[in-house]
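Participant: I am attaching a structure below and will ask some questions about it afterwards.
The values are calculated or read from the model by the stated rules, or taken from the named source; none is laboratory data. What you are looking at is a predicted structure, and each value in this text was computed from that prediction instead of being measured. No Cβ is skipped: glycine too gets one built from the backbone with ideal geometry, and neighbour counts run over all protein chains shown. Calculation scope for accessible area: heavy atoms of the full protein, side chains included, ligands and nucleic acids excluded. Shrake-Rupley method; radii C 1.70, N 1.55, O 1.52, S 1.80 Å.
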Amino acid sequence: MKNTFKAAIFALALTVTVGASAQGYMFNTNLKLGARGADVTALQSALVAGGYLSVTPTGYFGQLTKRAVQDFQRANGITPVSGFFGPLTRAVMNAGAPTTPTTPAACPIGYVCQPTSTGGSTSGSEGFAEVRVAVTPTNNPNVQFSTDVPVYGIEFRAKQSDITVERVNLQVSVTNAGSEENPSTLINTVIVKDGSTVLQTIPVSSATFSKVTTNGVTTYYLQVAGLGFRVAKDTAKDLTFSFNTNSIDTDRTVAVTVYGGATGQGIRVVDGRGISNYNGLGDVRTHTFKKPGTSTLTAKADATTLYANNYRVNVNGNGAEKVLSSTFAVKSETGSSKLNSVTVAVTASGTLPSNVYLYDGSTIVDARSGSTSVTFDLSNSNIVVSADTTKTFSVKVDMPSNTATGTVILTQVTAVSYEKPNGSSATISGLSIAGPYNYFAPIVAKFSKVSSSVSTVTNDGIDTAVVANFRLGIMADGGDLSTSTFAVIGIKNISTGVVIATSSVVGVPSESGLSLFADGATKYVDFSKTFASSSFSIGTTNTVRAFIESVAWKAATNGTFATSTRGFEALDSEGTASFSR
């Protein structure tokens, strides 16, 4: 075998113009995954001659070549077993290493040795594979894409030793309106994967599939050989087959199984002793590849809840830039949809935005000057929503530095147009997907909840009142704020949502002696109200929660109160109270 190995290398050296010694091909270059060229071809030829590789040399260092190099390293005690063809491995190869893979006496780094009853390695043990159809991919009656379509999976479980799957005969039936066709009418590439790792990519022509006719029944199958798909003892792995397909004019039904069925020998595996075992598998996966055609797009509010907020406008700078105004989501069903345009209505109590933006995630896909109606043109953006998937977008606005104090902005999506797979267009109109109302001014207050509670007052076993307490953090942004604040707080029935009572209360700063809230500082203010029993109906029991309806505040330099009426939904009391009257 050693002489055979040297002869193969020497013969190859005659055809490759790389420096060689008098004894054969000399490897002088490090090679690793992704490498190409004559050195790789020479390495593959040497590995084939040594029994480490069972595919025709291609000149490309892929996963199969890496595994073969690892086997060579194990057989010759080279560590680490990395699959990198470096100085140590080259030296052994150039010296004419033994060509028959052997098990090293000790388990080197990177080599998984399984113990047996005698304490040895199972690499030399006989074993077998349990074979079954994988859980995924499942049958798919509505295939609407043509690239890397998973069609069949086989689960292999190695028993008693490691096993290597070398060959699978894949039977493929393609029918058009009930008539059998050569699979190449639909399929242009077969892809074989170990998880996300591509083991083989097989171009398909009219001669790729073998044709067998028995008793008038025609069967097409493809022999996928040289897989080198390893499964460790007592573990399971899936081998997956995918198709790339041609464009089609009519639907095609594809059935995939193992040639020969459950009683055949369409699968060959090799155990730890190098003995071949054969398996059959009768399960079928069926897929219908659809002619590109229709799709249906729906639009709705995004699951993310946005709350109203107060935003400072920098009067001496850029105003307020790219403020998040609203979000929405679109979903495509049946087929994929390409977005053509999105129309957004803008409502402003004062100054209109200077710019309105549409974002796909963190990417701006279009920007328009502010107006009461903005249409984003996406026809050249190639934004495609795949079948049965959802994509989320957001709308942001710029407000100019001369924005009128107290301007409130609302944006809402009113229409979305899209293109179907067959090239026709459609529009979803009459939408009203709105964001929150956002307040803009040179000086604003920003609110946060510190604590909140609601409790029942009971005297002599009788409920007499409900007490609502809130402590808010108020941050001044853009200038100082007056300590004068008041809020409308209330209580509501949590089952019905009915508001039972509200009251305006004056805020009390938690720090005594404060004359103002300084710009950039956060101070705490308490709002409290006792709701007497007269607020409740006689003969009823209410479980209630306290809430904030609005907060009024003013700049220290301005005697006019500004009232925030939205954005307090998240500030409701944590707990509830039950009141009976």
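Participant: Tell me, in nm to one decimal, what length is gained between V135 and T305 on full extension, where the rule is 0.36 nm per residue of separation less the Cα-Cα distance?
Facilitator: Once the chain is fully extended between V135 and T305, it gains 57.5 nm.
Participant: Counting Lys and Arg as +1 and Asp and Glu as -1, what is the net charge of the other residues whose Cβ lies under 11 Å from the Cβ of T390?
Facilitator: Around T390, the charge tally is 0.
Participant: Using only protein heavy atoms and a 1.4 Å probe, report how much of K290 is accessible, in Å² to the nearest 10.
Facilitator: Using a 1.4 Å probe on the heavy atoms, I get roughly 70 Å².
Participant: If you restrict to DSSP beta bridges whose two residues both lie in the chain, what percentage is antiparallel, to the nearest 5?
Facilitator: Of those bridges, close to 95 percent are antiparallel.
Participant: Then there is this: Taking only protein heavy atoms and a 1.4 Å probe, what accessible area per residue, in Å², does the chain have with all protein chains in place?
Facilitator: So the chain comes to 45 Å² accessible per residue, rounded to a whole number.
Participant: Give me the accessible area of T502, 1.4 Å probe, in Å² rounded to the nearest 10.
Facilitator: 70 Å²
Participant: Next question. Over 31 Å between C-alpha atoms is what I'm after, so list which of K233/K290; K193/K291; K322/K391; K193/K233; K322/K492 land there.
Facilitator: The answer is K233/K290; K322/K492.
Participant: Which lysines does K523 reach when only Cα atoms under 19 Å apart count, and residues fewer than 8 places away in its own chain are ignored?
Facilitator: Once the sequence-local lysines are set aside, what remains near K523 is K446, K449, K554.
Participant: Oh, and also: For the residue pair D388 and K159, what label-to-label distance in nm results when each label sits 7 Å from Cα along the Cα-to-beta-carbon direction?
Facilitator: 3.4 nm
Participant: Starting from the Cα of V508, step 7 Å along the direction of its Cβ; do the same at S432; then give the gap between the two resulting points in nm.
Facilitator: 4.3 nm
Participant: I need the P(r) histogram for the chain: all alpha carbon pairs, bin width 10 Å from 0 out to the longest distance, whole percents.
Facilitator: 3, 13, 14, 14, 12, 12, 13, 12, 6, 1, 0, 0
Participant: Would you mind checking the tilt of helix 38-49 against the longest principal axis of the Cα atoms of the chain, expressed as 0 to 90 degrees and rounded to 10?
Facilitator: 60 degrees
Participant: Could I ask something else about it? Go ahead and run the numbers for FRET between T235 and K322, Cβ-Cβ distance against an R0 of 45 Å, rounding to 0.05.
Facilitator: After rounding to 0.05, the efficiency reads 0.30.
Participant: Given the rule -39500 (n - 2.57) for each run of at least 4 DSSP H residues, summed and divided by the residues of the chain, what is its mean residue ellipticity at 222 nm, to the nearest 500 deg cm²/dmol?
Facilitator: -2500 deg cm²/dmol
Participant: Shifting gears a bit: Please say if the stretch 26-77 is rounded, prolate or oblate, where rounded means a/c under 1.5 for a ≥ b ≥ c the square roots of the C-alpha gyration tensor eigenvalues, and otherwise the choice is prolate for a/b larger than b/c and oblate otherwise?
Facilitator: rounded
Participant: Within straight cross-link reach of K338, meaning Cα distance under 16 Å, which aspartates and glutamates are found once same-chain residues fewer than 8 apart are removed?
Facilitator: D360, D366, D377, D388, E419
Participant: Still on this structure, please answer the following. Rounded if a/c is under 1.5, else prolate if a/b beats b/c, else oblate: with a ≥ b ≥ c from the C-alpha gyration tensor eigenvalues square-rooted, which is the stretch 390-492?
Facilitator: Judged from the Cα gyration tensor, the stretch 390-492 comes out oblate (a/c at least 1.5, b/c at or above a/b).
Participant: Right, next: Find the relative contact order for the chain and round it to a whole percent, using C-alpha pairs within less than 8 Å whose residues are 6+ positions apart.
Facilitator: Worked out over the chain, it gives 9 percent.
Participant: In terms of the Cα gyration tensor, with a ≥ b ≥ c the square roots of its eigenvalues, is the stretch 398-457 rounded because a/c is under 1.5, prolate because a/b exceeds b/c, or oblate?
Facilitator: oblate
Participant: Give me the distance between the Cα centres of the stretch 394-459 and the stretch 283-339, rounded to whole Å.
Facilitator: Distance between centres, Cα-based: 15 Å.
Participant: Multiply the residue gap between A225 and S276 by 0.36 nm, knock off their C-alpha separation, and tell me the result in nm, one decimal place.
Facilitator: Here the segment from A225 to S276 would lengthen by 17.0 nm.
Participant: If ligands, DNA and RNA are left out, what is the accessible area of D519 with a 1.4 Å probe, given in Å² to the nearest 10?
Facilitator: Accessible area, nearest 10 Å²: 80 Å².
Participant: In addition: To the nearest 0.05, how large is the calculated FRET efficiency for A207 and A177 if R₀ is 25 Å and r is the Cβ-Cβ distance?
Facilitator: With a Förster radius of 25 Å, E is 0.55.
Participant: Can you tell me how much longer the chain between T522 and S484 gets when fully stretched, taken as 0.36 nm per residue apart minus their C-alpha distance, in nm with one decimal?
Facilitator: 12.2 nm
Participant: What is the local net charge at A577, summed over the other residues whose Cβ is closer than 14 Å to its Cβ (Lys, Arg +1; Asp, Glu -1)?
Facilitator: +1
Participant: Let me ask something else. Tell me, how many Å apart are the Cα centres for the stretch 513-565 and for the stretch 201-273?
Facilitator: 71 Å
Participant: Here is a follow-up. In whole percent, how big is the carbon plus sulfur part of the accessible area of the chain, probe 1.4 Å, protein atoms only?
Facilitator: With neighbouring chains kept in place, the figure for the chain is 48 percent.
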